[in-house]
Amino acid sequence: MDDRLTVDLDGLEEFANQLDGIRTTMSDAHHWMRESDDDLGGNDVAGAIDKFESHWSDGRSQVDKNCERLVKLTRQAVDNLRKTDEELAKQLREKDG
């Protein structure tokens with residue numbers, strides 16, 4: 001059966017869930033940085049963290065958008081593949097039945 005396409009739909013779904021979790025963690029990172037900067041050292045460290053976070057937020061926004069799109073597309077692909085598989089199975093049952 002080398003001519004058949006196989007896709008690990010549960011694995012793909014788990015990938016989407018994990019990526020969504022990464023998105024959440026990344027978007028919450030600025031809160032952690034703001035809350036912890038005083039605990040990590042003096043004003044120089046706090047200033048460096050603020051500077052990093054402000055620059056990183058620009059890139060993080062784009063990464064977040066890309067991840068969000070990928071999560072959405074992955075979930076749509078899983079749904080579409082499952083529906084197609086169900087439709088094909090139904091057609092085979094009707095043909096054989």
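Things to note:
This table checks each residue for (1) surrounded by 11 or more Cβ atoms within 10 Å (Cβ to Cβ); (2) within 23 Å of the chain's Cα centre (by Cα).
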position	(1), (2)
56	yes, yes
59	no, yes
63	yes, yes
70	yes, yes
74	yes, yes
80	no, yes
89	no, no
92	no, no
95	no, no
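- Residue pairs whose Cβ atoms lie under 7 Å apart, sitting 6 or more positions apart in sequence or on different chains, and linking a residue in region 6-23 that is surrounded by 14 or more Cβ atoms within 10 Å (Cβ to Cβ) to a partner that is in a helix (DSSP H, G or I) and among the small types (Gly, Ala, Ser), are 12/77.
No value in this document is a laboratory result; all are computed from the given coordinates. Predicted model only: the values in this text are computed from it and were never measured. A quick note on method: Cβ atoms are made from the backbone with ideal geometry, for glycine too, and the neighbour counts reach across all protein chains shown.
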